[in-house]
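Report on one structure; see the data block that follows.
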Amino acid sequence: MAPSGGAIVSATRLIHARRPQPGATGNFLEGLNLRNLLLAVYGACYSATTDPMYGNIAQQTVIQGARTAVGFDGYGPGFDQNDPGSLHRWWSNALWQALAVGPDGNGSPATIQDALEHAVRVVRERSQTLLMQDNPWWSENYQIFGDKTVRIVPAR
Amino acid sequence: MNRRQVLTLAWHGAIAALLLSLAGARPPLAAQQAGAPQASLAAAVSEVLGEEFHWTEQRPGRRHDRAVVWLYGEDAEGTDVSAVVDLQTGLLVGFSRGWMGGLMRGKEPAITAEEALKRADGFLARVGVPIREGGWRLESSRFFDHGTAGRDYEFDWSKYFHGILLLADMWVRVNGDSGLVSYYHLWDEPVVVPLVVRVPATEAVRLVVRRSGMTAPVVERVVLGVGRRYVADDPLTGRVVGPQMLGWSVWLRDAAVPVPRDRPPLGLIGVVDARTGELVRIRSLPQPPSAAGERAGSRGARAKTAKRLVPAKFNLARLRNAKPPPTVFQLVQQRRSRR
């Protein structure tokens, strides 16, 4: 993500949230139909930061019809630090586990907001337990757009 | 303290005692299946929290080595809430409440950081957390804005013993608009490792610097703490499985590497076993902990980010014979046995 937000880079192209002016060429979320999208999670820095020209990726996702989108205003999980023991990976594991089977795997699938809080708790505790005092404040920079009570389980 | 405050505190103490006695009087809830909440437990949790909740579901779970029970339900406004109760002591160890007013919020939060801290303190008093005992220290207060998911003041307490950071953490978030507690978490593990330091801090720093490969290393922080030697991961909880250890955490940055314009300087952290001198872990850091905190602080400009991990002076001889403080759970049980 660009530090100013408003864009993501896929494997092959740059995608902006919206056109800076009518008729601008490029790849934009604006114009897409995302009404069948239940939840989008942008696990990336600045994915919920608003660029004055190109908008806000997570917010635009909801504008295009997704029920809920999560991004990070500022630092977020960085998957360039993607070694198996990284806190970023554990953040991701914790988030999706809580959404699927509940925090602590207790069988009660969490809302996206509770799942995000669970992920914060997991990476904070891991950091302290391993004496790696890189307190992962980035995990708390999340922003939710749309319905924060959404659950992805049961499937529909 | 006026008469009303005394009466309020006494009332909170009585409610916490009620919850403890309920938890202690019943057979272990962990043996029960998930399902409808046990009426007495649900009522006691609502009493402790001082609100009417509609609890709809109960599930057994674990927090570290402790058995807990989860309650799920709604508050009076229909907002999702969950609570986590420690089975052995009946102490509330977790609470979460959603936020429905995100779209209607004003430009500024409705309450200040000072007011939020008072509410967080009041919440802990109601819950019955003995925060004045055991070495707890308010480590940081920060402000987070999660958009429509709410904006919160967060207060974070850590636990120290003669300057050693222990395996404990507690934080309370207070919603800046509703003034209600939106999140609470308590974690406190007993110290089972001998607090014997055979390797001085200078040696730990030297080891980490040697392995860092940095040309101009700058020591940013050194912390002595109780942690866990990594053996495996608990895939379900994300918890690190392994024996406790006493270790030095050494934080370095390279003065020879220019600081990127739009990012904080990179660094690395190394962990050295304080008894054996083994370098057990070294890792580059994507960002220092202050980075996001400063950013969060700048958004709200109400809460200041305290420097976490304050370097401490250690009296190693005194440490050798000192008894680590009891956990919150041990204190609660001691209190109960005195009654």
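Suppose we filter the range A:121-156 for residues that are more than 30 Å from residue B:249 (Cβ to Cβ) and either touching a helix residue (DSSP H, G or I) at 6+ places or on another chain (Cβ under 9 Å) or modelled with pLDDT of 90 or more (or both); how many remain?
11
Inspect the range A:111-131 for any residue being under 19 Å from the mean Cα position of the chain (by Cα) and assigned to a loop (DSSP other than H, G, I, E, B) and give the result as yes or no.
Scanning the range A:111-131, I find at least one residue that is under 19 Å from the mean Cα position of the chain (by Cα) and assigned to a loop (DSSP other than H, G, I, E, B), so the answer is yes.
Restricting to the range B:206-233, give me the number of residues that are over 19 Å from residue A:122 (Cβ atoms), of a type in the set (Asp, Glu) and out of contact with any Lys or Arg (no Cβ under 7 Å at 6 or more places or on another chain).
Matching residues across the range B:206-233 total 0.
If I ask for residues that are farther than 20 Å from residue B:152 by Cβ, in contact (Cβ under 8 Å) with a residue 12 or more places away in the chain and within 7 Å of chain B (Cβ to nearest Cβ), which ones from the range A:107-131 would you list?
If the condition is that a residue be farther than 20 Å from residue B:152 by Cβ, in contact (Cβ under 8 Å) with a residue 12 or more places away in the chain and within 7 Å of chain B (Cβ to nearest Cβ), then A:126 is the only one that fits.
Check the range A:63-84 and report whether any residue there is at pLDDT 90 or above, buried (at least 24 other Cβ atoms within 10 Å of the Cβ), touching a Leu at 6+ places or on another chain (Cβ under 6 Å) and among the polar types (S, T, N, Q).
Within the range A:63-84, one or more residues are at pLDDT 90 or above, buried (at least 24 other Cβ atoms within 10 Å of the Cβ), touching a Leu at 6+ places or on another chain (Cβ under 6 Å) and among the polar types (S, T, N, Q).
Checking residue A:111 against (1) closer than 24 Å to residue A:50 by Cα; (2) surrounded by fewer than 24 Cβ atoms within 10 Å (Cβ to Cβ), which test does it fail?
Result: residue A:111 passes all but (1).
Is at least one residue of the range B:263-286 modelled with pLDDT under 50 and either within 14 Å of another protein chain (Cβ to nearest Cβ) or at negative phi (or both)?
No.
(1) farther than 15 Å from residue A:97 by Cβ; (2) hydrophobic (A, V, I, L, M, F, W, C); (3) without any contact (Cβ under 8 Å) to a residue 60 or more places away in the chain; (4) assigned to a helix (DSSP H, G or I): which one isn't true of residue A:138, the others all being true?
Just one mismatch for residue A:138, condition (3).
Confirm whether residue A:104 is at pLDDT below 90 and either within 7 Å of chain B (Cβ to nearest Cβ) or in a loop (DSSP other than H, G, I, E, B) (or both).
yes
Please specify each residue of the range B:314-339 satisfying the condition of being hydroxyl-bearing (Ser, Thr, Tyr) and part of a helix (DSSP H, G or I).
Selection gives B:337 alone.
For residue B:256, all conditions in the list (1) closer than 30 Å to residue B:63 by Cα; (2) assigned to a loop (DSSP other than H, G, I, E, B) hold save one; what is the number of the exception?
Evaluating residue B:256 over (1) closer than 30 Å to residue B:63 by Cα; (2) assigned to a loop (DSSP other than H, G, I, E, B) leaves (1) as the failure.
Quick one: in the range B:71-100, which of the residues that are small (Gly, Ala, Ser) and more than 9 Å from chain A (Cβ to nearest Cβ) is farthest from residue B:53 (Cα to Cα)?
B:90
Among the numbered criteria (1) surrounded by fewer than 19 Cβ atoms within 10 Å (Cβ to Cβ); (2) at the interface with chain A (Cβ under 10 Å from one of its Cβ atoms), which single criterion is violated by residue B:168?
(1)
Yes/no per residue for (1) surrounded by fewer than 21 Cβ atoms within 10 Å (Cβ to Cβ); (2) more than 16 Å from residue A:145 (Cα to Cα):
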position	(1), (2)
A:6	no, no
A:14	yes, yes
A:17	no, no
A:21	yes, yes
A:27	yes, yes
A:32	yes, yes
A:38	yes, no
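Considering B:161, B:144, which residue is facing another protein chain (nearest Cβ under 10 Å) and either over 23 Å from residue B:86 (Cα atoms) or modelled with pLDDT under 90 (or both)?
B:144
What are the residues in the range B:215-230 that are in contact with a Leu (Cβ under 8 Å, 6 or more places away or on another chain) and in a strand (DSSP E or B), if any?
B:217, B:218, B:219, B:220, B:221, B:223, B:224, B:225, B:226, B:227, B:228
Mind checking whether some residue in the range B:54-73 is among the β-branched types (Val, Ile, Thr), surrounded by fewer than 17 Cβ atoms within 10 Å (Cβ to Cβ) and not in a loop (DSSP other than H, G, I, E, B)?
Yes, the conditions are met somewhere in the range B:54-73.
Kindly list the number of the only condition in (1) modelled with pLDDT under 90; (2) touching a Pro at 6+ places or on another chain (Cβ under 8 Å) that fails for residue A:7.
(2)
The values are calculated or read from the model by the stated rules, or taken from the named source; none is laboratory data. Every value quoted in this text rests on a predicted model; they were computed, and no experiment measured them. Reconstructed Cβ throughout: ideal geometry from the backbone, glycine too, with neighbour counts over all protein chains shown.
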